[in-house]
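Only one structure is covered here, and it is reproduced in the block below.
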Amino acid sequence: MGISAQDVKALRDRTGAGMMECKRALEEAQGNVDRAIDILRERGLAQAAKKAGRSTTEGLIESYIHAQGRIGVLVEINCETDFVANTDDFHTLAHDIALHIAASRPMVISREQVPENMIEHEKGVLRVQAANEGKAEAIIEKMVQGRLEKYYKEVCLMEQPFVKNPDVTIDTLIKEHVARLGEQIRVRRFVRYERGEELEGSDG
């Protein structure tokens, strides 16, 4: 089937991919736009994986203040060059991630950063929940692992659904930008403040 230039441009506007990449994706998807987007995303993720080992020493620190100063976020997003760090696309990504952190309250960036004692505590709670539901011992561990995966999605920034588009995770959002901008991008650290929340070590 014929793919029009208008179709190619529309797909490019939605994905940020190159014109030829969009044309090939539409041809492979036989004109199905949603499938073409999936194809570009799959290829983008593959491109992102190749860049994973690169060093990221540039970037920016983005701030976001929400709800009349009730919630504040600082997040450091790194990339490879100051050229990319200064693009509107990179700034928009940093802003969106800061906004997301304000709304979704992640505890850590990735599951590797969840302290082991917290994981064991959560497993203990989940085991009791499963036992209280009358589940057999043989399937309790499987249930615990399944519910632990849900826990990771709640507390780990990279695994949370993006608040502005829940169909993608923050990890996928970043990898799409890696594919579009051609550089590795990492969330290095973040801090989230909420007015009146308990401070660790505070004597009140």
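The values are calculated or read from the model by the stated rules, or taken from the named source; none is laboratory data. Since the model is a prediction, treat every value here as computed from it, not as a measurement. Here Cβ is always computed from backbone atoms with ideal geometry, including for glycine, and neighbour counts include all displayed protein chains.
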Could you please tell me which pairs satisfy a Cβ distance under 7 Å, a separation of 6+ or placement on different chains, a first residue in region 70-82 that is more than 13 Å from Gly59 (Cα to Cα), and a second residue that is of a type in the set (D, E, K, R) and surrounded by 15 or more Cβ atoms within 10 Å (Cβ to Cβ)?
Val73/Arg192
Do you know which of the residues in region 134-180 that are under 12 Å from Arg111 (Cβ atoms), within 13 Å of the chain's Cα centre (by Cα) and of a type in the set (A, V, I, L, M, F, W, C) is surrounded by the fewest Cβ atoms within 10 Å (Cβ to Cβ)?
Val155
Of Glu176, Glu183, Glu154, which residue is touching a strand residue (DSSP E or B) at 6+ places or on another chain (Cβ under 6 Å) and either among the basic types (Lys, Arg) or modelled with pLDDT of 85 or more (or both)?
Glu183
Got a number for residues in region 7-31 being of a type in the set (S, T, N, Q) and either under 16 Å from Ala179 (Cα atoms) or under 26 Å from the mean Cα position of the chain (by Cα) (or both)?
1
